[in-house]
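Worksheet: the structure to be examined is printed underneath.
The values are calculated or read from the model by the stated rules, or taken from the named source; none is laboratory data. All figures in this text were calculated on a predicted structure; none of them were measured in a lab. With ideal geometry, Cβ positions are generated from the backbone for all residues, glycine too; neighbour counts draw on all protein chains shown.
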Amino acid sequence: MALDISADSLRALGYLLDAEPVEALTVAHDADRLTVSWLRPDGRPQARRLEPPVLAALQARAHTARQTGQDRPTAPRTAEGLRTLGQLLEEAGIRLGAVNQAAEGYRVLGIVQGRITQRWYGMADLELESQARRAQRSATS
């Protein structure tokens, strides 16, 4: 089963990772799964493979948490940053290949109109974009 990565998919991944601060996040997408690796605050490496059923269940949990206001951790906002990143990728027509986290943002490798592209998305820019989208949603509801 081919895995289509959307903003909701990246947000669900962030929801999973919001339980604790993560460093050096790497997301690799192949046809049927996401492979995710990161460092815990104590420096121990972690990794998970997320196949479509697992990702769908995470999406449902993340959506429910967002609707009920339970996704407001005081810890890092990985979920919101990845969701906004996913929205920007969708709008640009970029099919995700990989995401690499740095302290200041995310480097994305993907395909747009049959060509490989690499883009940088800074954390501060993603936060501003997220705030603007949140304000727009509030204004329309």
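Quick notes on this one:
- No other residue among GLN113, GLN101, GLN118 is touching a Leu at 6+ places or on another chain (Cβ under 6 Å), farther than 23 Å from LEU16 by Cα and modelled with pLDDT of 90 or more apart from GLN118.
- Look at (1) within 18 Å of GLY105 (Cα to Cα); (2) at pLDDT below 90; (3) not basic (Lys, Arg) and you find that ALA31 fails only one, number (1).
- Scanning region 125-141 for residues that are without any contact (Cβ under 8 Å) to a residue 24 or more places away in the chain, assigned to a helix (DSSP H, G or I) and among the polar types (S, T, N, Q) returns GLN131, GLN136, SER138, THR140.
- Scanning region 103-124 for residues that are surrounded by 14 or more Cβ atoms within 10 Å (Cβ to Cβ) and in a helix (DSSP H, G or I) gives a single hit, MET123.
So that you can scan it fast, the table gives a plain yes or no per residue for (1) touching a residue at least 24 places away in the same chain (Cβ under 8 Å); (2) part of a strand (DSSP E or B):
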residue: VAL36; (1), (2): no, yes
residue: PRO41; (1), (2): no, no
residue: LEU58; (1), (2): yes, no
residue: THR64; (1), (2): no, no
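- Qualifying residue in region 88-97 (condition: hydrophobic (A, V, I, L, M, F, W, C), part of a strand (DSSP E or B), under 23 Å from GLU129 (Cβ atoms) and modelled with pLDDT of 80 or more): yes
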